[in-house]
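These notes are about the structure you will find just below.
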Amino acid sequence: MVPDPKQQNTLPENLNMDFSKRLIIDTAEMDWLPSPAPGVRRKPLERLQKESGHTTSIVKYAPDTSFASHSHPLGEEIFVLEGVFSDESGDYPAGSYIRNPPGSRHAPFSKDGCVIFVKLNQFASTDLTQVRLQTELKAIQDNPEAKLLHEYQNPETGIREHTWLLSFTPGEIELPSGNAVPAELLVIEGRLQIGQVSLHPGSWFRTPNLASEAVCAEDKGLILIKAGHLPLK
């Protein structure tokens, strides 16, 4: 059954926008909520306003669905988790990393369906580099290391933003450098232990200071890490 687009107005505003608070969300336990596009559903993780402003979500496209052409005033960042995501610039399978700079515009769609991790309007206004990377997820998992996807030195704050894919094996994880700032991670594969909390695939974790967190792996896996993009408190 296609969700009623009118239900989109029930999405909360100012959701999880206090970046000084440690936050863990099990996205696997969340319900899919409708979007303005029929067949496209989402799980909001942080959200300033209903359809604008700072937003982080898991988004699912059913086969043969699309989103109307739209712009992103302060950029859009995408990591493809499942299936193939597409727009005018090409087709992007699982493992693809996409950055659409501030002011860019596109009309996304998926022929066979996909699930993506999406961050909207969180770029520095001067970060105008377009990125299209297709990573080999299995190859990264077989060679434990941090793969840098993007970095940018914000001239306004002096803080360097980093985005990595990090594969891991059981034991304590050595996080990439530059992490003594607010940061977040998404578990793609495997299980992690942070304090007394166990994170599994789909878990999203945000902390005001990643350097203060002791992170251990319970098995082999893969995480997406971002640091330096959130405001300091």
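Let me check I've understood the local charge: for residue 161, count other residues with C-beta under 10 angstrom from its C-beta, Lys and Arg +1, Asp and Glu -1. What total comes out?
0
Quote the relative contact order of the chain in percent (integer), defining contacts as alpha-carbon pairs under 8 Å separated by 6+ residues. List each step's numbers first, then the result.
Numbers: 605 pairs, mean separation 41.5, N = 233.
Contact order relative to length: 18 percent.
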- What's the carbon and sulfur percent of the chain's accessible surface, probe 1.4 angstrom, rounded to a whole number? 50
- Message: How much length would be gained if the chain were fully extended between residue 211 and residue 197, taking 0.36 nm per residue of separation minus their Cα-Cα distance, in nm to one decimal?
- Response: 3.3 nm
- Identify which of 56, 157, 65 has the largest mean-square fluctuation in a Gaussian network model of the chain, with springs joining Cα atoms closer than 10 Å. 157
- Taking placed amide H atoms and a strict 5 Å upper bound, the residues 5 or more places from residue 85 or on another chain that come that close are 92
- How would 32, 204 rank on accessible area, largest to smallest, probe 1.4 Å? 32, 204
- Task: For segment 150-233, report the accessible area per residue in Å² (1.4 Å probe, heavy atoms, rounded to an integer).
- Result: 41
- Task: Return a whole-number percent for the relative contact order of segment 90-213, with Cα pairs under 8 Å and 6 or more residues apart as the contact set.
- Result: 18
- Choose one of 231, 209, 14: the residue whose Cα lies farthest towards the positive end of the charge dipole of the chain (beta-carbon charges +1 Lys, Arg; -1 Asp, Glu; about the Cα centre). 14
- Message: Here are a few candidate values for semi-axes √(5λ) of the Cα gyration tensor in Å: [x] 26, 20, 19; [y] 37, 20, 18; [z] 29, 19, 18. Which one was actually calculated from the structure I just gave you?
- Response: [x]
- Could you work out how far apart the two model spin labels at residue 33 and residue 88 are, taking each label as a point 7 Å from the Cα in the direction of the beta carbon, and quote it in nm? 3.0
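The values are calculated or read from the model by the stated rules, or taken from the named source; none is laboratory data. Values in this document were obtained by computation on a predicted structure and should not be read as measured data. Don't worry about glycine lacking a Cβ; one is built from the backbone with ideal geometry, like all the others, and counts go over all protein chains shown. Note: accessible area is taken over every heavy atom of the protein model, side chains too, but ligands, DNA and RNA are not part of it. Shrake-Rupley method; radii C 1.70, N 1.55, O 1.52, S 1.80 Å.
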